[in-house]
Amino acid sequence: MGKNRALTTVLAVSALTLTLMSCSSEKPSPDDAAAALAEGLSNADVSASSFTAGTPAQVNTELETLLAGMGPVRPAVTVAGIDEDAENDDAAAVRLAYAWDVNMDSAPDWSYESTAQLRRGEDDAWQVQWAPSVLFESLADGDHLVRTTSPGLRADILDRNGQPLMGSRPVLRIGINKPDIPEDRQAASATALAELAGLDPAGYAAQVAASGPEAFVEAIVQRQEADGPVTPEALAGIPGALSIPDSRVLAPTRTFARALLGTVGEATAELIEESEGRLSAGNQTGLSGLQQQYDEQLQGTPGVAVTLENTSGNNIVFSINSEDGTALQTTLDPRLQSLAEGILEDEPSASAIVAIQPSTGDVLTVANGPGSEGQQTALLGQYPPGSTFKIATSLALLRQGVTPDSSLSCPAELSVDGRKFNNAGSYPAAFVGEIPLRDAFAQSCNTAFINTRDTVPQDALASAAQDLGIGVSASMGVPAFFGSVPEEADGTAHAASMIGQGEVLVSPLALAVAAASVGKGERVTPLLVTPGPEAETAGAESGSSSAPASPSPSPAPTGAGDAGGAGAFTAAEGASLRDMMRGVVTDGGANMLVDVPGEPVLAKTGTAEFGSETPPRTHAWVVAVQGDLAVAVFVAEGELGSTSGGPLMKAFLDGAAGQP
């Protein structure tokens, strides 16, 4: 009995041992190797795979070459199935499913399968039999994939009436066509063309010399309709010079709203990299201004092609058609914009004119003078407003119970904590002493307003400014500086704030908004761009530069510190400020505007000191309201607001009314 039990135990142990030996001798399936290959192809790094020939590093190098032309685009690869060889258990084929997002819109658009052969190695580990066809069935040695983009038709930037401000215009590409001229004459022709076009002769000649023998080396792009420096007659006298008709996205003139609208040109290497595949070399794209800010909307959806290329040529294996861009609607009035730019063209320092329609908040003019040197002075400049800020100070006084007829003390000089404050040298002696607020405002008595500093706390001054739109951000479609008024200031800082000095800063836009708010009788929210698909129809709704029959305020964004709500500015306060601003024209420093045709002009002049020189340098300001038009004029290196800004304002208002 005991012997039988022992024999049974031995037999059981033997059977278990044979079973374990049988299990341990089973060969691994190709599943893990297939999954590792798919993951590696998705990451363009197959280091986790083993290959029948070559190392993972060598395969990675080849894979990098195959994908170099695809830019940042990589496929998502999964295992679609594994087909094992019924006659050879050391061989299998893995079917790989590829999904590419070649137009980079976060959705796969190019899908296919390829096959990779697997072989079991001597250690029973599965190895990949690598070939370029694993990436794409048609790929062979020496081939590679190339992704290119082609933009759709670029959309226009529109004015407030829906007409193109900036769109495709005919141009001439002028340069040296090297095949048309012997090599020993190329330098002379390049030099002659550069001198004609106003370029650096040595630089352009070097560019021509460095280009290939079949190259056309562009020197200048010139509008066909313009009288450019390169005439057909002059070009005919330069061997090898060639003029090629083409088109470019351009504004009506070279300078028209350039800082705002921007330019379009060939994509730079930096922009191509930042686009994450949206742009390719040779694409036209926005380089500055609205053209760059809204490039994707204006350019639309680019077409994409994937090409299999080799020494024999190329073959498109996948493509997506482009979609045209969507027009960008602005509120600009082209007539007023051109008028403003013409008025500023002789001003040597930075300067700007901003015009707003109070009834809608539409920004009609964003003009920068040549002295701004391409900078966006009108929207982004940060300058002390000087006496134009007395509009906000007067509003704060009205809220403390002061009326336009209340008496203020206007001494010739005032000292605050040891700092002396004076009136302008041209201040009329007849208005020194006790004078009503309306006269202090019309004559711009600095000392009278500073003397009210105990009546108007700094936070009340900041609040009044905000109710006029100064320091209140708005979603107007472009970057802008809306002004800054400190809510806390003591002593001389508070005194300076009362007359728009110290830490008070505005842009020409901010002062135009304040003037528009006075004109409307409530805080105005400015609007310059209406982005998105609705822009195509917005032009028909925005009207002309005159007041629409049924004006409706521009929608205000919400949120703390922005333009949400209409503020506390009342119609009665607006009426009092308009009355005092009219007095500046009839009895004060803006008397040059009294005869402007049309509705009565309301205005305020301002001079802001800056710098450490003696006497200090000054900014010149004028703001005006006439009917449904509010305007701010700024000159960075001016004299008084009345003498430097006043004539510019008169020229603008006269021109807006259609007067010469």
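Residue by residue through the stretch 443-461, note down the ones that are crowded, with 22+ Cβ neighbours inside 10 Å and out of contact with any strand residue (DSSP E or B) (no Cβ under 9 Å at 6 or more places or on another chain).
Listed by number, the residues that qualify are 456, 461.
Can you give me the ranges of the helices (runs of 4 or more DSSP H) entirely in the stretch 237-293 with at least 2 residues that are in contact (Cβ under 8 Å) with a residue 40 or more places away in the chain and in contact with a Ser or Thr (Cβ under 8 Å, 6 or more places away or on another chain)? Give the steps one after another, and end with the answer.
Numbers: elements: 258-261, 269-274, 289-293.
Of the helices (runs of 4 or more DSSP H) lying wholly inside the stretch 237-293, those with at least 2 residues that are in contact (Cβ under 8 Å) with a residue 40 or more places away in the chain and in contact with a Ser or Thr (Cβ under 8 Å, 6 or more places away or on another chain) span 289-293.
Please count how many residues of the stretch 445-498 are among the acidic types (Asp, Glu) and touching a residue at least 60 places away in the same chain (Cβ under 8 Å). Before you say what the answer is, go through the steps one by one.
From the stretch 445-498, those among the acidic types (Asp, Glu) are 454, 459, 467, 487-488, 490; that's our starting set.
From what is left, the residues that are touching a residue at least 60 places away in the same chain (Cβ under 8 Å) are 467.
Result for the stretch 445-498: 1.
Does residue 281 satisfy being surrounded by fewer than 17 Cβ atoms within 10 Å (Cβ to Cβ), modelled with pLDDT of 95 or more and out of contact with any Gly (no Cβ under 9 Å at 6 or more places or on another chain)?
Answer is no for this residue.
Across the stretch 378-413, which residue is nearest to residue 619 (Cα to Cα) among those that are over 44 Å from the mean Cα position of the chain (by Cα), surrounded by fewer than 20 Cβ atoms within 10 Å (Cβ to Cβ) and of a type in the set (A, V, I, L, M)?
412
Quick one: which of 212, 167, 203 is within 34 Å of the chain's Cα centre (by Cα) and not in a helix (DSSP H, G or I)?
Working: 212 fails: within 34 Å of the chain's Cα centre (by Cα); 203 fails: not in a helix (DSSP H, G or I).
Answer to the check: 167.
Starting from the stretch 52-72, keep only residues that are in contact (Cβ under 8 Å) with a residue 60 or more places away in the chain, then list their pairs with residues that are of a type in the set (Asp, Glu) and in a loop (DSSP other than H, G, I, E, B) whose Cβ atoms are within a distance under 7 Å, requiring at least 6 positions of separation or different chains.
Final answer for the pair search is 72/276.
Being touching a strand residue (DSSP E or B) at 6+ places or on another chain (Cβ under 6 Å) and open to solvent by 60 Å² or more (accessible area, probe 1.4 Å) is the filter here; which residues of the stretch 222-244 pass it?
The answer is 224, and nothing else.
State yes or no: is residue 90 at pLDDT 95 or above, among the acidic types (Asp, Glu) and surrounded by 11 or more Cβ atoms within 10 Å (Cβ to Cβ)?
Values: at pLDDT 95 or above: no; among the acidic types (Asp, Glu): yes; surrounded by 11 or more Cβ atoms within 10 Å (Cβ to Cβ): yes.
So residue 90 fails the test.
Where residues in the stretch 297-341 are touching a Lys or Arg at 6+ places or on another chain (Cβ under 7 Å) and not in a loop (DSSP other than H, G, I, E, B), which of them is surrounded by the fewest Cβ atoms within 10 Å (Cβ to Cβ)? Spell out the reasoning first.
First, the residues of the stretch 297-341 that are touching a Lys or Arg at 6+ places or on another chain (Cβ under 7 Å): 298-299, 302, 304, 306, 325, 330-333.
The next check asks that each one be not in a loop (DSSP other than H, G, I, E, B); those that pass are 298-299, 304, 306, 330.
Details: 298: 28, 299: 27, 304: 26, 306: 20, 330: 33.
Only one residue fits best here, namely 306.
At pLDDT below 95 and open to solvent by 10 Å² or more (accessible area, probe 1.4 Å), is that true of residue 158? Before the answer, list the steps.
On the way: at pLDDT below 95: no; open to solvent by 10 Å² or more (accessible area, probe 1.4 Å): yes.
No: the conditions fail for residue 158.
With 253, 301, 311 as the choices, which residue is within 27 Å of residue 372 (Cβ to Cβ) and either among the charged types (D, E, K, R) or modelled with pLDDT under 95 (or both)? Step through it out loud before you land on a result.
Values: 301 fails: within 27 Å of residue 372 (Cβ to Cβ); 311 fails: within 27 Å of residue 372 (Cβ to Cβ).
After ruling out the rest, the residue left standing is 253.
Do any strands (runs of 3 or more DSSP E) entirely within the stretch 594-660 hold 2 or more residues that are surrounded by fewer than 17 Cβ atoms within 10 Å (Cβ to Cβ) and in contact (Cβ under 8 Å) with a residue 12 or more places away in the chain, and if so, which?
Details: elements: 601-610, 617-626, 629-638.
Here the list reads 601-610.
Residue 230 is checked against (1) under 27 Å from residue 155 (Cβ atoms); (2) among the β-branched types (Val, Ile, Thr); (3) in a loop (DSSP other than H, G, I, E, B) and fails just one. What number does that condition carry?
All conditions are met except number (1).
For residue 348, indicate whether it is more than 26 Å from residue 167 (Cβ to Cβ), touching a strand residue (DSSP E or B) at 6+ places or on another chain (Cβ under 9 Å) and open to solvent by 20 Å² or more (accessible area, probe 1.4 Å). If you could, list the steps in order and put the result at the bottom.
Details: more than 26 Å from residue 167 (Cβ to Cβ): yes; touching a strand residue (DSSP E or B) at 6+ places or on another chain (Cβ under 9 Å): yes; open to solvent by 20 Å² or more (accessible area, probe 1.4 Å): yes.
Against the criterion (more than 26 Å from residue 167 (Cβ to Cβ), touching a strand residue (DSSP E or B) at 6+ places or on another chain (Cβ under 9 Å) and open to solvent by 20 Å² or more (accessible area, probe 1.4 Å)), residue 348 qualifies.
Filter the stretch 170-200 down to residues that are charged (D, E, K, R), part of a helix (DSSP H, G or I) and open to solvent by 60 Å² or more (accessible area, probe 1.4 Å), then give me how many there are. Talk me through it step by step, then tell me what you get.
Taking the stretch 170-200 and keeping what is charged (D, E, K, R), we get 173, 178, 180, 183-185, 195, 200.
Those still in the list that are part of a helix (DSSP H, G or I) too: 178, 180, 183-185, 195.
Retained after the next criterion (residues that are open to solvent by 60 Å² or more (accessible area, probe 1.4 Å)): 180, 183-185, 195.
Total meeting the criteria: 5.
Of the residues 558, 605, which single one is more than 25 Å from residue 289 (Cβ to Cβ) and at pLDDT 90 or above?
Numbers: 558 fails: at pLDDT 90 or above.
Just one listed residue meets the conditions, 605.
Yes or no: the stretch 50-58 includes at least one residue that is modelled with pLDDT under 95 and open to solvent by 80 Å² or more (accessible area, probe 1.4 Å).
no
The values are calculated or read from the model by the stated rules, or taken from the named source; none is laboratory data. Nothing here was measured: the structure is a model prediction, and the numbers come from that model. Glycine gets a Cβ as well: all are built from the backbone with ideal geometry, and neighbour counts include every protein chain shown. Only protein heavy atoms, including side chains, enter the accessible area calculation; ligands, DNA and RNA are left aside. Shrake-Rupley method; radii C 1.70, N 1.55, O 1.52, S 1.80 Å.
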